[in-house]
Each structure stands twice: as C-alpha cells, then as structure tokens.
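Below is one structure; the comments refer to it alone.
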Amino acid sequence: MESSRISLRPFKLSDVEDFMSWAGDDRVTRYLRWNTITSREEAFKYLKEVAIPHPWRRSICLDDQSIGYISVKPESGDDRCRAHIGYALGWEYWGQGIVTVALKMALSIVFKEFPDLVRVQALVEVENKGSQRVLEKVGFLKEGLVRKYGFNKGEVRDMFIYGFLSTDPIPD
C-alpha cells in the first residue's frame, strides 16, 4: 500500500456511509468496546455525539475515504502524562500495513499536540493477535498481561498492555 494514499483527519457527518461500511461489521467491532452499528441513524448519532467531539479521534482514510479510526484519549490532572490509544480498520483493508502507517502518523502528531504526554498505551485482548503484531511493528513494547481486566461483549477478558514512550523511535 502506498503510504501517500493514507491520511488521518477529523470525522465529518458526511462520513456516515463509509463509517457504516466498517463500523457495521462484526469482524471489525469484535474487539471494540462499542457494539456494531446497525443503522444509518445510529451511525449518524455516533459520529455527531462521540467521534466528532472526541478530543483526538481521527478517521483513517484511504484516498480521503473513511476506512477506520484511531483514537487517542489523554488522561487528565496528574495522569496527563499518559494516553490510551485504540483503533479499528475495515476488514477488507486488513493485512495491507495501513494501520501500521496510520499509527506511526498518529504518534508523531499526538506527542506534539499534547506537550505533557510521555506515554501512549494500548490494551489488547490476548486473542487479538493481529493488533498485537501491528503494535509491535510500530515499536510498542508488550509490558505485561493484565488478567480479567477489560469488559467487552458481556465478558471480562485478559488483556496485554503495550506502551510507547515519547523518547521511543518511530520506525521508518
């Protein structure tokens, strides 16, 4: 995949059809804390009330078409030194290196936009091998297993925690 075709931008309400195409797919939302989007109205509401007002949620775009998202949520107060990162991508784009490129872009931006940020961390379900590989390719370190940590789709699940520091190099 040519990296010049990949970009990150804020969501727009006009993304509703593209958003539905991937957020309405159970394969994509399997490891996400939010449920599969099932209607245009639900998609529109999610964009308007969640994605657009979020402090740093960006659409992963291929030729400016929304095919996924990256979300960085900084903590506040004394914990403002760290942020959580999450992402998803339409299944037809899996395995093409798109999320790897998008994560590298996001990291290079968020450490500048949030000057107090020192650490970005991701929690990944143990079964989600694809996401673990992506994080490792980008330079995140697997720091440990947190047992019965994340509630998702009716279950409390084991999670790996991955960390990336502002001093870590972003691989080419």
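When Gly130 is tested against (1) part of a strand (DSSP E or B); (2) open to solvent by less than 100 Å² (accessible area, probe 1.4 Å); (3) closer than 16 Å to Arg30 by Cβ; (4) not polar (S, T, N, Q), exactly one condition is not met: (1). Would it be correct to say that Gly139 is out of contact with any Lys or Arg (no Cβ under 7 Å at 6 or more places or on another chain), at pLDDT 95 or above, over 19 Å from Arg57 (Cα atoms) and open to solvent by less than 50 Å² (accessible area, probe 1.4 Å)? So Gly139 fits the description; yes. Ile170 is checked against (1) farther than 20 Å from Cys61 by Cα; (2) part of a strand (DSSP E or B) and fails just one. What number does that condition carry? Result: Ile170 fails condition (2) only. Residues in the range 119-135 that are within 22 Å of Gln96 (Cβ to Cβ) and within 12 Å of the chain's Cα centre (by Cα): Ala122, Val124, Ser131, Val134, Leu135. The numbered conditions (1) crowded, with 18+ Cβ neighbours inside 10 Å; (2) touching a helix residue (DSSP H, G or I) at 6+ places or on another chain (Cβ under 6 Å); (3) polar (S, T, N, Q) are all true for Gln65 except (1). The helices (runs of 4 or more DSSP H) falling completely within the range 1-59 that include 1 or more residues that are open to solvent by 30 Å² or more (accessible area, probe 1.4 Å) and touching a residue at least 40 places away in the same chain (Cβ under 8 Å) map to 16-23, 26-29.
Mind checking whether some residue in the range 84-92 is more than 16 Å from the chain's Cα centre (by Cα), part of a helix (DSSP H, G or I) and more than 17 Å from Arg9 (Cα to Cα)? Yes; the residues of the range 84-92 include at least one that is more than 16 Å from the chain's Cα centre (by Cα), part of a helix (DSSP H, G or I) and more than 17 Å from Arg9 (Cα to Cα). Based on this model, can you work out whether Gly154 counts as farther than 17 Å from Gly68 by Cα and open to solvent by less than 30 Å² (accessible area, probe 1.4 Å)? Judged against the criteria, Gly154 is not a match.
The values are calculated or read from the model by the stated rules, or taken from the named source; none is laboratory data. Here the structure is a predicted model, which means the values were calculated and not measured. Every residue, glycine among them, receives a Cβ derived from its backbone with ideal geometry; neighbour counts consider all protein chains shown. Only protein heavy atoms, including side chains, enter the accessible area calculation; ligands, DNA and RNA are left aside. Shrake-Rupley method; radii C 1.70, N 1.55, O 1.52, S 1.80 Å.
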